[in-house]
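The values are calculated or read from the model by the stated rules, or taken from the named source; none is laboratory data. Keep in mind it's a predicted model, so treat the numbers as computed, not measured. Reconstructed Cβ throughout: ideal geometry from the backbone, glycine too, with neighbour counts over all protein chains shown.
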Amino acid sequence: MIKSAARGVVVTALTTAIALLPSSAQAEGSDKDNEIERVELTGVTAFDTSPQHIRTGDRWLTRLELYTENTAKSEKKKPKNEKTAKKSSRQPLRAGDGESECSAIHVRHHEVTTQCTRVLRLKKGTLTLSDMITYNPHQPVTAKTAIIGGTGHYRSAYGDGYITLDGGYVHLELNVDE
């Protein structure tokens, strides 16, 4: 019973996060001309070792549960009414998990500059990202991230994208070139 209650809270929180965070494309799409695959994910923090007061030199690990919008299935099966259609197109779908390893390289007042390496384990393979972000840990921020490698389907991946950090949520919009 506790597991199902916790799962309900996570699904509700995730559905809210997907609705509120930027969303400009399908979860996974492909640009046939340039062979660029669009991957859009929302991560929910499952475990975080970041210190309460970050200082230069601090390192931490964050583990994420990754989700994507269930847009592909909602297009295949047309619901009987419009109310069901809106509801089904916004349901989160488990996409995998990931982790970030970050180091604080500069701290000034409430502003932190971090260097992070992120590994996203997805069904088709892994993607490795690298970014340097300057932000206030108590405010949402969107920054550039680089795709520096991958495995499986993404074995020759490179590209870039945007990462939004917002409390316990991470939103990724990636353009994967292969």
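Points to keep in mind about this one:
- If the condition is being farther than 20 Å from residue 178 by Cα and modelled with pLDDT of 95 or more, then the range 118-138 contributes 132, 133, 134.
- The residues of the range 112-139 that are exposed (fewer than 14 other Cβ atoms within 10 Å of the Cβ) and either in contact with a Leu (Cβ under 8 Å, 6 or more places away or on another chain) or farther than 17 Å from residue 97 by Cα (or both), listed by number, are 134, 136, 138, 139.
- The C-beta contact set for the range 118-142 (first residue at positive phi, second residue not aromatic (Phe, Trp, Tyr), distance under 6 angstrom, 6+ apart or interchain) comprises 125/150; 125/151; 125/152; 125/153.
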